[in-house]
C-alpha cells in the first residue's frame, strides 16, 4: 500500500474515535527529573493536530505505573538522571506494552545507563536493537532516510533510534543522543534553529502515527 493511502486510512480511522489522542508523561522513581522539557509534549500534540487534522488533547497528562497507566496506551518518558521500577511495576509495564501499548523513552542526557538496565528488567528475554532506517517510523508521514534527527550535541556521538520488538511490532522506541524532547520545547528555551525544532516535531509525529497504525 502506498504511504499516502496508509496515512489517509489511518487518519480516517482515528477521526471516528470519540476521544482525543493523548500522551501520558510517565512519572517514575529513582531520582531522575521525569518532568523535564515541560512544554515539549504540549507542543508536539499541537503540531500533530495542525499537520494531520487529528483530534489531540491540548496538554499532556502525568501518569504513574501503579495508578493510571492502563488509560494511556501511548507513554513518553524522559529525564537526565536515574530511573527505577519495582519488580511489580516492571511487570505492569511489560504487560502494558505487550497488549498494545507504546513507550517512547527519550534520553535527555544522563538517563542512558539506568534506562538500559531497566529495559532488561522489563524485557529480560529481549534486546534493544537499532530500528532499521526503512522502518515506518522514519517514513509514515515525514521521511528520515538517515534515521532519527540530531537536536543537541553532547558527546560527539551520532543519534540512535533503538527499539524493542514483539511479534514484529515496535513496542518501545528509545531515542538516544538526539534530544527530541528538547527540540519540541518552546523555541526560546534553547534558541535552537527552527529547522531543528521542526525536524524533531516531525519525528515525534511519525512515532505517534506509527503507534496508531500498529493497532489491531
Fill in the blank from the handout: Residues of the stretch 51-67 being out of contact with any strand residue (DSSP E or B) (no Cβ under 9 Å at 6 or more places or on another chain), free of Cβ contacts under 8 Å to residues at least 60 places away in the same chain and over 14 Å from residue 28 (Cα atoms), in sequence order, are 53, 58, 59
Handout entry: Residue match in the stretch 186-194 (condition: in contact with a strand residue (DSSP E or B) (Cβ under 8 Å, 6 or more places away or on another chain) and at negative phi)
Key = no
Problem - Boolean, residue 79 is over 25 Å from residue 198 (Cβ atoms), buried (at least 20 other Cβ atoms within 10 Å of the Cβ), touching a helix residue (DSSP H, G or I) at 6+ places or on another chain (Cβ under 9 Å) and modelled with pLDDT under 95 - result: no
Exercise for the section: Filter the stretch 143-177 down to residues that are at pLDDT 95 or above and within 19 Å of residue 38 (Cβ to Cβ), then give me how many there are. Expected result: 1
Completion exercise
Taking the stretch 122-178 and keeping residues in contact with a strand residue (DSSP E or B) (Cβ under 6 Å, 6 or more places away or on another chain), part of a loop (DSSP other than H, G, I, E, B) and either buried (at least 21 other Cβ atoms within 10 Å of the Cβ) or free of Cβ contacts under 8 Å to residues at least 40 places away in the same chain (or both) leaves 131, 147, 148
Practice task
Please work out if residue 172 is within 18 Å of residue 212 (Cα to Cα) and in contact with a helix residue (DSSP H, G or I) (Cβ under 7 Å, 6 or more places away or on another chain).
Solution key: yes
Practice task
Count, please, the residues in the stretch 39-76 that happen to be closer than 22 Å to residue 91 by Cβ, in a loop (DSSP other than H, G, I, E, B) and in contact with a helix residue (DSSP H, G or I) (Cβ under 8 Å, 6 or more places away or on another chain).
Solution key: 1
Completion exercise
Out of (1) surrounded by 20 or more Cβ atoms within 10 Å (Cβ to Cβ); (2) touching a helix residue (DSSP H, G or I) at 6+ places or on another chain (Cβ under 7 Å), the one residue 32 does not meet is (2)
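The values are calculated or read from the model by the stated rules, or taken from the named source; none is laboratory data. A quick note: this is a predicted structure, and the numbers were derived from the prediction, not measured. For neighbour counting, all protein chains shown are included, and Cβ atoms are generated from backbone atoms with ideal geometry for every residue, glycine included.
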